[in-house]
Structure formats: C-alpha cells, structure tokens
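Nothing in this text is a laboratory measurement; each read-out follows from the coordinates by a stated rule. This is a predicted model, so every value here is computed, not measured. Ideal geometry is used to build each Cβ from the backbone, glycine not excepted, and the neighbour counts take in all protein chains shown.
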Amino acid sequence: MDSEELYKKAMELESRGEHKTAISTYEEIIKKSNDPRHFIVFGVCLQKCGHWKQSIEALEKGISLKPHYCEGDARLFLAKALFKSGKKGRAIKQWQHVSRMQSEYPSYESVQK
C-alpha cells in the first residue's frame, strides 16, 4: 500500500473512533513520507489518545516541512499539546504567533479568534 492509500485507511480508522489502530497506520506512513499533512494529522490523532509529547514531535515536523500548509491550525494543535505537556511558556508563544497571523485556508479568521 502506498502512502496515500494508508493515509485514507488511517483517516477511516479515526472516523470510526479506532485511534490506536490509526496511530499504528500513521506511524507506518511517516516512515516513508515527507508530506506535512501526514505529520499534522498524526499529531492530532496522538492527542486523541493523550500522547502529548509524541504529538509535539509530529506537529513540529509537519510545520517544519511546509510552514504555510495549514500553519495556523497546526500551531493551535501544537499549542494544545505543549500546554498539556506542561510547557505553558512555549504554548503561549504559539498562541501569540497564531494571533498575529493573516487569515488563511482552511480556517480563515477562526484561527485568530
């Protein structure tokens, strides 16, 4: 199975609430991918299982691969993971960064609000 097929499978698993199985599938994907989407959705899935530190790593990688790809949304997810991991200062910096960003796809101005 290629990365896109695995990506669809993982998203399907998540939609059914099978987050732990989806995590395993995402782990398989990111071994052979440099697509920021894969790292960002992996980070969000990790959060659903309370894996905050792993989520930070995945989200930071996704942002670094293509900072403008859903950057506001990704940084909000990152801020949440940082906060939940006890890194409040770093979380605040992410929230401040997002509050100064221009509106963009997919959330437009709702990210800044």
Given the candidates Ser64, Ala79, Ala10, the one whose Cα lies deepest towards the positive end of the charge dipole of the chain, counting +1 at each Lys or Arg C-beta and -1 at each Asp or Glu C-beta, is Ala79
The chain, Gaussian network, Cα under 10 Å: of Leu78, Leu59, Leu13, the residue fluctuating most is Leu13
Summing +1 per Lys or Arg and -1 per Asp or Glu among the other residues with Cβ less than 14 Å from Arg16's Cβ gives +1
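Per the helix-only calculation at 222 nm, which mean residue ellipticity applies to the chain, given -39500 (n - 2.57) for every DSSP H run of n ≥ 4 and division by its residues, nearest 500 deg cm²/dmol?
For the chain, the value works out to -22000 deg cm²/dmol.
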Quick calc: nm separation of the 7 Å Cα→Cβ label points for Lys20 and Lys32 -> 2.6 nm
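How large is the charge dipole for the range 14-62, taken about the Cα centre, if only the Cβ atoms of Lys, Arg (+1) and Asp, Glu (-1) carry charge, to the nearest 20 debye?
Charge dipole, the range 14-62, about its Cα centre: 40 debye, nearest 20.
Per 0.36 nm of contour for each residue apart, how much would the distance between Met1 and Lys48 grow if the chain were fully extended, relative to their Cα-Cα spacing?
14.4 nm
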Quick calc, Ser64 & Ser99: beta-carbon distance into FRET formula, R0 30 Å, rounding 0.05, result 0.90
With N residues in the chain, Rg(alpha-carbon) / (2.2 N^0.38 Å) equals 1.04
